[in-house]
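Notes follow the structure.
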Amino acid sequence: MNVLVVGSGGREHSIVKKLGESNQVSNIYVAPGNGGMAAEATCVNIRETEIKELVTFAKETQIAWTIVGPEVPLMDGIVDAFQLAGLRIFGPTEKAAMIEGSKDFSKAFMARHDIPTANYATFTDCDEAKAYIKANGAPIVIKADGLAAGKGVVVATTVEQAFEAVESMLLANKFGGAGNRVVIEAFLEGKEFTLMAFVNGENVYPLLPARDHKRAYDNDEGPNTGGMGAYAPVPDLDQSIITYAKEHILHKAAEGMVLEGRPFTGILYAGLIETASGPKVIEFNARLGDPETQVVLPLLENDLIQVIEDVMCGKDPELSWKEGYAIGTVVASKGYPESYAKLVPLPVFEENDESYVVHAGTKVERDSTYRSIGGRVLLVGSVQPTIEQAHQSVYTFLKQFEQTNDFFFRRDIGK
Ligand code: AMP
Ligand code: GLY
């Protein structure tokens, strides 16, 4: 069958790689993709938000399944449009993607269904928001209601910082419409982890837990980024925590969405924090995580297309996982997540059997060398029997990037 992947980053390359293992898939298309994945899939020059054009392409190319990576097209109704055209697509409808698209909706939904999360209040008026901050004190967390490419969250350590954050969102329109409403919530302390699941209505099939590293520099210092590395599974997580999170968070959320007339289909992503009083939800996403996907899919033994077909027809896909651990470290452009140069040549590197390379933002040249086209450029990953061995393999590979000043990577992923 022909399969279309929508998106252009490392997560989408990882999906492409996984689909490449399937003997049911003959042609993989990716819209728009990036140069680094062109050897494994046909890149189609349609942007992820050009939904009409994607529908036309899928019809003309007889695409059997479309898999959507990023959140923006989901919120724009790509799934509804494909379904209306009689095309098979894996992801939530616009109504179900609200669980990620509006933090206010998501928090109120959790409250209605008794899903553990931080206490919160929602504001559109800046003075009222400030009064709430004053009454609750710092640390406190301010979140833009709508999609803000992962930049809409401020963990304020002082009341002044919290004031600045609400002013920037409610008065200075820093995130446009996405910040016209803010969620203010209690600061939670604990280790974070990600639990994703294939979901179809009330049926929930969890993936292995993972942990991503959002801060730019070692020891979780520096600014927040789209993610500088990840590993899976998470060795410090007690099985009882995972079981609790599956039952009281993922299952409850899926059941709640059905009860509210917006059944969720696709990947439900729970960003969780292990607090002294149990795991709590930091955020829900309506899609696979990036870079969690790049370390979770390489551990999945099943054929991804078969899993999707099973889940969509209400059958247990019987997920099975490789023993061992995957870790992945992102190579980023110098200056990321602030401004950085583009079209910088990457050092010439050789691939080996111990590691894998996922392209997040590269362009391929005629002589088969690469140039950067984004902040996050590559992810180097490895699957090994122990997390130490996986760490070792990744960092041995990354020696090839040590001489360059144009790129940087964290040294402590999976350490
Ligand atoms: P988000 O984009 O919602 O995942 O938030 C980005 C990061 O902000 C999270 O990974 C957490 O580290 C932090 N964060 C968000 N909400 C809270 C909270 N209530 N308490 C503590 N940290 C938080
Ligand atoms: N890794 C965080 C996210 O995908 O939103």
(request) Restricting attention to the stretch 145-158, report how many residues are near ligand 1 (Cβ under 10 Å from one of its atoms), closer than 19 Å to residue 94 by Cα and either in a strand (DSSP E or B) or in contact with a helix residue (DSSP H, G or I) (Cβ under 6 Å, 6 or more places away or on another chain) (or both). (result) 1
(request) Would you check which residues across the stretch 86-121 are among the aromatic types (Phe, Trp, Tyr), within 15 Å of ligand 1 (Cβ to nearest atom) and outside any helix (DSSP H, G or I) and list them? (result) 120
(request) Select, from 14, 22, the only residue that is part of a loop (DSSP other than H, G, I, E, B), among the small types (Gly, Ala, Ser), surrounded by 15 or more Cβ atoms within 10 Å (Cβ to Cβ) and in contact (Cβ under 8 Å) with a residue 60 or more places away in the chain. (result) 22
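Yes/no per residue for (1) in a loop (DSSP other than H, G, I, E, B); (2) touching a residue at least 24 places away in the same chain (Cβ under 8 Å); (3) not basic (Lys, Arg):
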site: 363; (1), (2), (3): no, yes, no
site: 367; (1), (2), (3): yes, no, yes
site: 374; (1), (2), (3): yes, yes, yes
site: 379; (1), (2), (3): no, yes, yes
site: 382; (1), (2), (3): no, yes, yes
site: 390; (1), (2), (3): no, yes, yes
site: 393; (1), (2), (3): no, yes, yes
site: 404; (1), (2), (3): yes, yes, yes
site: 410; (1), (2), (3): yes, yes, no
(request) Report whether or not residue 230 is more than 18 Å from the chain's Cα centre (by Cα), touching a residue at least 40 places away in the same chain (Cβ under 8 Å), crowded, with 23+ Cβ neighbours inside 10 Å and within 16 Å of ligand 1 (Cβ to nearest atom). (result) no
(request) Run down 129, 172 and say which single residue is more than 16 Å from ligand 2 (Cβ to nearest atom) and at pLDDT below 95. (result) 172
(request) Pairs only if they're at least six apart or on different chains, beta carbon under 9 angstrom, first in the stretch 84-113 and at positive phi, second modelled with pLDDT under 95 and not aliphatic (A, V, I, L, M); list them, first residue then second. (result) none
(message) Tell me yes or no: at least one residue of the stretch 311-327 is modelled with pLDDT of 95 or more, closer than 23 Å to residue 8 by Cβ and in contact with a strand residue (DSSP E or B) (Cβ under 7 Å, 6 or more places away or on another chain).
(response) yes
(request) Working only within the stretch 277-312, note down all residues that are assigned to a loop (DSSP other than H, G, I, E, B) and either within 17 Å of residue 192 (Cα to Cα) or touching a residue at least 24 places away in the same chain (Cβ under 8 Å) (or both). (result) 277, 286, 287, 288, 289, 290, 291, 303
(request) Could you please find all residues in the stretch 127-144 being within 12 Å of ligand 1 (Cβ to nearest atom) and touching a Phe, Trp or Tyr at 6+ places or on another chain (Cβ under 7 Å)? (result) 139, 140, 141, 144
(request) Check whether at least one residue in the stretch 182-189 is within 27 Å of residue 268 (Cα to Cα), of a type outside the set (Val, Ile, Thr), outside any loop (DSSP other than H, G, I, E, B) and in contact (Cβ under 8 Å) with a residue 24 or more places away in the chain, and report yes or no. (result) yes
(message) Which condition from (1) within 16 Å of ligand 2 (Cβ to nearest atom); (2) closer than 23 Å to residue 116 by Cα is the one that residue 230 breaks?
(response) (2)
(request) Just one of (1) within 16 Å of ligand 2 (Cβ to nearest atom); (2) buried (at least 20 other Cβ atoms within 10 Å of the Cβ) trips up residue 273, so point out which. (result) (2)
(request) Among what's in the stretch 323-360 and is in contact with a Leu (Cβ under 7 Å, 6 or more places away or on another chain) and not in a loop (DSSP other than H, G, I, E, B), pick the residue that is surrounded by the fewest Cβ atoms within 10 Å (Cβ to Cβ). (result) 357
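The values are calculated or read from the model by the stated rules, or taken from the named source; none is laboratory data. Since the model is a prediction, treat every value here as computed from it, not as a measurement. Cβ: placed from backbone, ideal geometry, glycine included. Neighbour counts: every protein chain shown.
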